[in-house]
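Inspection log for the structure reproduced underneath, given as structure tokens.
The values are calculated or read from the model by the stated rules, or taken from the named source; none is laboratory data. On a predicted model such as this, the values are computed, not experimentally measured, just so you know. For neighbour counting, all protein chains shown are included, and Cβ atoms are generated from backbone atoms with ideal geometry for every residue, glycine included. Side chains are part of the model used for accessible areas, which takes the heavy atoms of the whole protein and leaves out ligands, DNA and RNA. Shrake-Rupley method; radii C 1.70, N 1.55, O 1.52, S 1.80 Å.
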Amino acid sequence: MDGPDLEGRTVLVTGSAKGVGRELLLSTADCGAKTAVHYHSSADAASEVAAEATARGPSDSMTVQGDVTDPESVDELFAAVEAELGSVDVLVNNVGDFAPSHWADLEFDTWNRVLETNLNGTYLCSKRALPAMREQSYGRIVNIGYASSEQGLVSPKNFPYFVAKAGVLMFTRMLAADTQDDGITVNAISPYVVENSDEFPADLPRGRPASFEDLIAPLYFFLDPESGYISGENIEVDGGWLPETV
């Protein structure tokens, strides 16, 4: 898949040691970006991704540890990236815990962790990235949502995740409005079920989950220089799923 020219750009994808984050980060390395592989506890996996990114792209890659729910840790991880690769031009807020249990069965710590990693992490990382983006009049922020969250999708199962993702999409629209004069775009990609998901419903749209390539395509679209007027948008990668039928 051909992507935009990201040579000279620094890309940070949160939670990029594994899963969707890994694939999104590697896709930007394929486009020539300098890449920062963020992890919380998966140091070995992050090192493997950084090595692959360096092998696949013409630019450097590094690993960076941090807790995206802690302001001091977020500041430290951005400072580390800035010292080695330069200021972050592209931020993909991918981190977000998932707790597929009935809301009443969740421990309070789990409830908080789902809300904090998905919503607070997106807020803290975006806030930290913005000063440098504003200074250079360029920046791309892409947040990972969840399909149909904008329509108030709720369920007793995994409720805090739905709440957090609705907040992420509201934050996306707000931040797009707040950066419209700064050369920055803020958009979201919202999948339903992805090929590495923990659970698969019996009836998948189009008979399959979304592939990693299905998510990379809208990422490339948002990062394309010709998409600079598109901000505050959300692309649902759901195969035409209607939650009303579930």
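Odds and ends about this structure:
- Just one of the listed residues (Arg140, Arg128) is under 15 Å from Val13 (Cα atoms) and open to solvent by 50 Å² or more (accessible area, probe 1.4 Å), and it is Arg128.
Yes/no matrix, rows are residues, columns are (1) open to solvent by less than 40 Å² (accessible area, probe 1.4 Å); (2) of a type in the set (Lys, Arg); (3) touching a strand residue (DSSP E or B) at 6+ places or on another chain (Cβ under 7 Å):
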site: Tyr146; (1), (2), (3): yes, no, yes
site: Lys165; (1), (2), (3): yes, yes, no
site: Ala177; (1), (2), (3): no, no, no
site: Ala210; (1), (2), (3): yes, no, yes
site: Leu219; (1), (2), (3): yes, no, yes
site: Glu226; (1), (2), (3): no, no, no
site: Leu242; (1), (2), (3): no, no, no
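- Residue satisfying all of: in segment 179-208; in contact (Cβ under 8 Å) with a residue 40 or more places away in the chain and exposed (fewer than 15 other Cβ atoms within 10 Å of the Cβ); nearest to Leu6 (Cα to Cα) among these: Gly183
- Residues located in segment 111-125, provided they are under 18 Å from Val13 (Cβ atoms) and open to solvent by less than 50 Å² (accessible area, probe 1.4 Å): Thr117, Asn118, Gly121, Thr122, Leu124, Cys125
- From the options Ala46, Ala17, Ala51, residue that is more than 26 Å from Leu119 (Cα to Cα), out of contact with any Cys (no Cβ under 8 Å at 6 or more places or on another chain) and either in contact (Cβ under 8 Å) with a residue 40 or more places away in the chain or among the hydrophobic types (A, V, I, L, M, F, W, C) (or both): Ala51
- Selected residue [under 17 Å from Met133 (Cβ atoms) and in a loop (DSSP other than H, G, I, E, B)] from Gly3, Gly15, Gly8, Gly96: Gly8
- Listed by first and then second residue, the pairs linking a residue in segment 57-82 that is more than 17 Å from Gly21 (Cβ to Cβ) to a residue that is among the polar types (S, T, N, Q) and in a helix (DSSP H, G or I), with Cβ atoms under 8 Å apart and 6 or more places separating them unless they lie on different chains, are Asp60/Thr54.
- Here segment 228-238 is the region considered, the condition is being within 19 Å of Met133 (Cβ to Cβ) and either at pLDDT below 95 or in contact with a helix residue (DSSP H, G or I) (Cβ under 9 Å, 6 or more places away or on another chain) (or both), and the residue that is surrounded by the fewest Cβ atoms within 10 Å (Cβ to Cβ) is Ile230.
- Flag for Val49 being farther than 27 Å from Leu169 by Cα, of a type in the set (A, V, I, L, M) and under 17 Å from the mean Cα position of the chain (by Cα): yes
- All positions within segment 144-194 that are assigned to a helix (DSSP H, G or I) and β-branched (Val, Ile, Thr): Val163, Val168, Thr172
- Checking each residue in segment 224-246 for being closer than 18 Å to Asp89 by Cα, in a loop (DSSP other than H, G, I, E, B) and not β-branched (Val, Ile, Thr) picks out Asp224, Gly228, Tyr229, Ser231, Gly232.
- Scope segment 53-85; condition surrounded by 15 or more Cβ atoms within 10 Å (Cβ to Cβ), part of a loop (DSSP other than H, G, I, E, B) and over 17 Å from the mean Cα position of the chain (by Cα); matching residues: Gly57, Ser59, Asp60, Asp70
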